[in-house]
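Asks: Just dropping this structure here.
The values are calculated or read from the model by the stated rules, or taken from the named source; none is laboratory data. Please read all numbers here as calculations on a predicted model, not as lab measurements. A quick note on method: Cβ atoms are made from the backbone with ideal geometry, for glycine too, and the neighbour counts reach across all protein chains shown.
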Amino acid sequence: MVNKAIFLDRDGTINAGPPYINHIDQLDILPESFEGLRLLGSLGFKLIIITNQSGIARQYLSEKDLKTIHNHLLLKFKKRKIKIHDIFFCPHHPDENCQCRKPKTLMIKKATLQHKIDLKSSYMIGDNECDIALGQKTGLKTILVLTGLGKKTRRNTSIKPHYIAKHLLDAAKWIKKTVSCPQDN
């Protein structure tokens, strides 16, 4: 069985918290995230977070700290009956030139193999240029949200997402419309 997925950036897309979150108290889930994720889940998409976490390489937090933060995040969603199917993260510093740091494609490749994802029926949602570039490199439909760094990213006219959304709920509503009426997208 092949699945469709929504690949989601974490910070600036789902969470409004500061850069380099190193404690669960810094999680500040954007209010529209809950309803948006619930809608996307109801459409049959696997929800997979793809996030650069160079704070580990910068020694702002450990991988254990990040796991605690992600477990807390998953619990918050579970309490609201939202299932996040997986979280992939890159712990490397940008200067390390690894293959997993967005916009490089290793995290998407791993998720695709592990979850049997059909990239042609899947989406990448994020607030940053690297999120849109990652989606484009892997053949995903791309959505730029104007939360987080989204408004600044939008000013870069070379960024050409399939859709620009106010927030995650707006993105989910657009996806619902395109899934219901594919000839209109």
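Asks: Being on the phi > 0 side of the Ramachandran plot and either touching an Asp or Glu at 6+ places or on another chain (Cβ under 8 Å) or not basic (Lys, Arg) (or both) is the filter here; which residues of the stretch 88-135 pass it? Let's see the steps before the verdict.
Replies: As a first pass, look at the stretch 88-135 and keep what is on the phi > 0 side of the Ramachandran plot: 97, 116.
Scanning the stretch 88-135 gives a single hit, Asn97.
Asks: Inspect the stretch 3-10 for any residue being within 22 Å of Lys166 (Cβ to Cβ), touching a residue at least 12 places away in the same chain (Cβ under 8 Å) and of a type in the set (Val, Ile, Thr) and give the result as yes or no.
Replies: yes
Asks: Please verify whether the stretch 106-122 includes one or more residues that are in contact with a helix residue (DSSP H, G or I) (Cβ under 6 Å, 6 or more places away or on another chain) and modelled with pLDDT of 95 or more.
Replies: The answer is no; no qualifying residue exists.
Asks: Same structure again: Is it the case that the stretch 90-105 has a residue that's under 22 Å from Leu40 (Cα atoms), out of contact with any His (no Cβ under 8 Å at 6 or more places or on another chain) and touching a residue at least 24 places away in the same chain (Cβ under 8 Å)?
Replies: Step one: of the stretch 90-105, the residues under 22 Å from Leu40 (Cα atoms) are none.
No, because not a single residue in the stretch 90-105 is under 22 Å from Leu40 (Cα atoms), out of contact with any His (no Cβ under 8 Å at 6 or more places or on another chain) and touching a residue at least 24 places away in the same chain (Cβ under 8 Å).
Asks: With Gly55, Gly17 as the choices, which residue is without any contact (Cβ under 8 Å) to a residue 12 or more places away in the chain, surrounded by 16 or more Cβ atoms within 10 Å (Cβ to Cβ) and in a loop (DSSP other than H, G, I, E, B)? Don't jump to the end; show me each part of the working.
Replies: On the way: Gly55 fails: without any contact (Cβ under 8 Å) to a residue 12 or more places away in the chain.
Result: Gly17 is the single residue among Gly55, Gly17 that is without any contact (Cβ under 8 Å) to a residue 12 or more places away in the chain, surrounded by 16 or more Cβ atoms within 10 Å (Cβ to Cβ) and in a loop (DSSP other than H, G, I, E, B).
Asks: Quick one: in the stretch 131-150, of everything that is assigned to a helix (DSSP H, G or I) and touching a helix residue (DSSP H, G or I) at 6+ places or on another chain (Cβ under 9 Å), which residue is nearest to Pro31 (Cα to Cα)?
Replies: Of all residues in the stretch 131-150, those assigned to a helix (DSSP H, G or I) come to 131-137, 150.
Okay, now just the ones that are also touching a helix residue (DSSP H, G or I) at 6+ places or on another chain (Cβ under 9 Å), so 131-132, 134-135, 137.
Numbers: Asp131: 21, Ile132: 23, Leu134: 26, Gly135: 24, Lys137: 30 Å.
My answer is Asp131.
Asks: So, one more: For the stretch 144-163, which positions are more than 17 Å from Asp11 (Cα to Cα) and surrounded by 16 or more Cβ atoms within 10 Å (Cβ to Cβ)?
Replies: First, pick out the residues of the stretch 144-163 that are more than 17 Å from Asp11 (Cα to Cα): 155-163.
Of everything in the stretch 144-163, those that are more than 17 Å from Asp11 (Cα to Cα) and surrounded by 16 or more Cβ atoms within 10 Å (Cβ to Cβ) turn out to be Ile159, Pro161, His162, Tyr163.
Asks: Of all residues in the stretch 58-81, count the ones that are within 16 Å of Ile21 (Cα to Cα), of a type in the set (Lys, Arg) and in a helix (DSSP H, G or I). Spell out how you get there, then give the answer.
Replies: Keep residues of the stretch 58-81 that are within 16 Å of Ile21 (Cα to Cα), which gives 58-74.
Applying the additional criterion that residues be of a type in the set (Lys, Arg) yields 58, 64, 67.
Now narrow it down to the ones that are in a helix (DSSP H, G or I): 64, 67.
The total comes to 2.
Asks: Another question, if that's okay. Answer yes if at least one residue in the stretch 89-104 is farther than 24 Å from Thr147 by Cβ, polar (S, T, N, Q) and not in a loop (DSSP other than H, G, I, E, B), and no otherwise.
Replies: no
Asks: Then there is this: Working carefully through the options Ile108, Ile125, Ile84, find the one that is in contact with a strand residue (DSSP E or B) (Cβ under 6 Å, 6 or more places away or on another chain), within 24 Å of Ala172 (Cα to Cα) and outside any loop (DSSP other than H, G, I, E, B). If you could, list the steps in order and put the result at the bottom.
Replies: Numbers: Ile108 fails: in contact with a strand residue (DSSP E or B) (Cβ under 6 Å, 6 or more places away or on another chain); Ile84 fails: outside any loop (DSSP other than H, G, I, E, B).
Exactly one residue qualifies, and that residue is Ile125.
Asks: Out of the residues in the stretch 113-122 that are in contact (Cβ under 8 Å) with a residue 12 or more places away in the chain and not in a strand (DSSP E or B), which is nearest to Ile14 (Cα to Cα)?
Replies: Keep residues of the stretch 113-122 that are in contact (Cβ under 8 Å) with a residue 12 or more places away in the chain, which gives 114-122.
Among the residues that remain, those that are also not in a strand (DSSP E or B) are: 114-116, 118-122.
Details: Gln114: 23, His115: 21, Lys116: 24, Asp118: 23, Leu119: 21, Lys120: 23, Ser121: 21, Ser122: 18 Å.
Among those that are in contact (Cβ under 8 Å) with a residue 12 or more places away in the chain and not in a strand (DSSP E or B), it is Ser122.
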